[in-house]
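First the structure, in the form of structure tokens, and then the observations on it.
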Amino acid sequence: MAPLPDTLKFLGLHHTATHLDDLVALATKRRWSPMQLLEHLVGVEQQDRARRSLERRLLRSRIGRFTPIDAFDWAWPTRIDRAAVVAALHLDFLTAGHNLVLVAAQGLGKTMIAQNIAHQAVLAGYHVLFTTAAQLLLDLGGQESARGLARRLHYYGQRGLLVLDELGYLSYDARAADLLFQVVSRRYERKSLVLTTNLAFSDWPTIFPNAGSAIALVDRLVHHAEIITIEGESFRRRAAEQTRTASRSKRAS
């Protein structure tokens, strides 16, 4: 017969297998009945599985390191709908299957907000993928077979929440527009999409010049969407100016 810890791992009781000696000692010390021991075992296994599931979802989400929303300076932008951002962080749009579009110039925190929303979705149990528009289109455009492309489209279409960052910084050809349209169509009225862009929708023809699907893409994207526009000066520019001012003051003193 295999050693007990190995059998427990085979049965999926990884926490119990790892802490078997401690569990036996605790049960002996507290004089648990068999039912109490089983109840404790089930409880710690559920907690451990929830922890490991969260770790896997966080890893697969590719959110990366980000600044918590508590550090966001709400007073800096000249225009921001704070109530709408807070509602998005509560995942109101996600439970309704709607989209969220963050429109802002570079350096105003739209990626930070999107990362915090993605993190909240992971904590809520959703399977999330955070990627840039460039990475997604490079992946889809690089598929060498129809089967490979279909598989990747299915992957992007089935994530519980898909976050596409930085759409608008690069221009793409008509095929890229068609690929993005397919992703949006697969998720349309089924699963939510968060998108960050530095351009108003009226300027999207500059992203996809000569693409016939651009108008249809915007139409499906905004049909059930909360659009949050942020205006003001760049946070990063302000931080750089503060650093330069502090350096000058230090040298002067």
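The values are calculated or read from the model by the stated rules, or taken from the named source; none is laboratory data. Keep in mind it's a predicted model, so treat the numbers as computed, not measured. Glycine gets a Cβ as well: all are built from the backbone with ideal geometry, and neighbour counts include every protein chain shown. Side chains included, ligands, DNA and RNA excluded: accessible areas come from the protein's heavy atoms. Shrake-Rupley method; radii C 1.70, N 1.55, O 1.52, S 1.80 Å.
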### Task
Mind putting a number on the dipole of the range 1-43 about its Cα centre? Charges go on the C-beta only, +1 for Lys and Arg and -1 for Asp and Glu, and I need it in Debye to the nearest 20.
160 debye
### Query
Measuring from label point to label point, each 7 Å out along Cα→Cβ, what is the residue 21 to residue 233 span in nm?
6.2 nm
### Task
Take the Cβ-Cβ distance between residue 81 and residue 150 as r, set R0 to 45 Å, and report the resulting FRET efficiency rounded to the nearest 0.05.
0.70
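Using the Cα centre as the reference, give the magnitude of the dipole from point charges on the C-beta atoms of the chain (Lys, Arg: +1; Asp, Glu: -1; all else neutral), rounded to the nearest 20 debye.
It comes to approximately 580 debye.
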### Query
Which whole-number value in Å² is the accessible area per residue of the range 15-139, probe 1.4 Å?
57 Å²
### Query
Per-residue accessible area for residue 24 at 1.4 Å probe radius, Å² rounded to 10?
80 Å²
#### Entry: Gain in span if fully extended, residue 41 to residue 66, counting 0.36 nm per residue against the direct Cα distance
5.4 nm
### Query
At a probe radius of 1.4 Å, what is the per-residue accessible area of residue 93, in Å² to the nearest 10?
20 Å²
### Task
Please give, to one decimal in nm, the separation of the simple spin-label points placed at residue 49 and residue 224, each 7 Å out from Cα toward the Cβ.
3.1 nm
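Please list 11, 58 from largest to smallest accessible area, probe radius 1.4 Å, with all protein chains kept in place.
Values: 11 110, 58 65 Å².
Largest accessible area first, the list is 11, 58.
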### Message
With unit charges on the beta carbons (Lys and Arg positive, Asp and Glu negative) and the dipole taken about the Cα centre of the chain, which residue among 163, 46, 184 sits farthest to the positive side?
### Response
46
#### Entry: Reciprocal mean inverse distance between Cα atoms of the chain - Kirkwood radius, Å
21.4 Å
### Nearby aspartates and glutamates by direct alpha-carbon distance to residue 29 (threshold 20 angstrom, same-chain neighbours under 8 apart not counted)
21, 39
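Roughly how big is the range 1-118's charge dipole about its Cα centre, with Cβ charges of +1 (Lys, Arg) and -1 (Asp, Glu), in debye to the nearest 20?
So the dipole magnitude of the range 1-118 works out to roughly 180 debye.
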### Message
Accessible area of the chain with a 1.4 Å probe: how many percent of it is carbon plus sulfur?
### Response
53 percent
### Protection proxy ranking of 4-10, 177-183 - average other beta-carbon atoms within 10 Å, highest first
177-183, 4-10
### Task
Taking just the C-alpha trace of the range 47-111, give me its Rg and Dmax in Å.
14.8, 45
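Given a 1.4 Å probe, how much area per residue of the range 172-239 is accessible, in Å²?
Roughly 49 Å² per residue, with all protein chains present.
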